[in-house]
Amino acid sequence: MSTLSTGMATMSAKAGMLITFACLPGTTAADNGPNGRNGMFTYHLLQHITRPGEDITMLLRDVTNGVVNDTRGKQMPYVTSALLQQHIYLVPYQKNTTLPAEELGTSSKPTVIRKRLVDIDEHDNWNIQNGTYVM
């Protein structure tokens, strides 16, 4: 980033990575979210990040929609991805949950949801109350 007023530079994801930012390159993000504690992007991220069974790409799409709606199009989150896997869940439905193929839209056999990347429910540093991250 060169200065706060010009925003960040463009970044690219390498194989297996997903990178998300609060705003597009060359723009700045709103620091005033609806809860008065977090910026607009963080506010919307916290609304979705603990939802069980929400795929990371869908989660970020919902976050983007919330930010764009609340800022009336003035802020657009930026996601660059080179993910190599499908169906990445931060919080699965439950441990070792299987879903029917119709829900996954893949094979005819039930599939075990991929192992969680981060166990938010058991992570001591996460303290989210009413959609607000509390330090």
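The residues of region 34-50 that are without any contact (Cβ under 8 Å) to a residue 24 or more places away in the chain and closer than 16 Å to residue 65 by Cβ, listed by number, are 45, 48.
For region 10-40, residues that are hydrophobic (A, V, I, L, M, F, W, C) and loosely packed, with under 14 Cβ neighbours inside 10 Å total 4. Applying the set (1) in a helix (DSSP H, G or I); (2) modelled with pLDDT under 95 to residue 64 leaves exactly one unmet item: (2). Six or more apart or on different chains, Cβ under 9 Å: which pairs go from a residue in region 66-87 that's in contact (Cβ under 8 Å) with a residue 60 or more places away in the chain and within 17 Å of residue 48 (Cβ to Cβ) to one that's among the aliphatic types (A, V, I, L, M) and assigned to a loop (DSSP other than H, G, I, E, B)? Could you list them? Pairs that qualify, where the first residue is in contact (Cβ under 8 Å) with a residue 60 or more places away in the chain and within 17 Å of residue 48 (Cβ to Cβ) and the partner is among the aliphatic types (A, V, I, L, M) and assigned to a loop (DSSP other than H, G, I, E, B), are 79/13; 81/13; 81/17.
You will find that of 90, 99, 46, 59, the residue that is hydrophobic (A, V, I, L, M, F, W, C), out of contact with any Pro (no Cβ under 7 Å at 6 or more places or on another chain) and at pLDDT below 85 is 90 and no other.
To keep it simple, each residue is scored yes or no on (1) within 20 Å of residue 10 (Cα to Cα); (2) in a loop (DSSP other than H, G, I, E, B); (3) touching a His at 6+ places or on another chain (Cβ under 9 Å).
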site: 28; (1), (2), (3): yes, yes, no
site: 51; (1), (2), (3): no, yes, no
site: 59; (1), (2), (3): no, no, yes
site: 72; (1), (2), (3): no, yes, no
site: 80; (1), (2), (3): yes, no, no
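The values are calculated or read from the model by the stated rules, or taken from the named source; none is laboratory data. Quantities reported herein were computed from a predicted structural model and do not represent experimental measurements. Here Cβ is always computed from backbone atoms with ideal geometry, including for glycine, and neighbour counts include all displayed protein chains.
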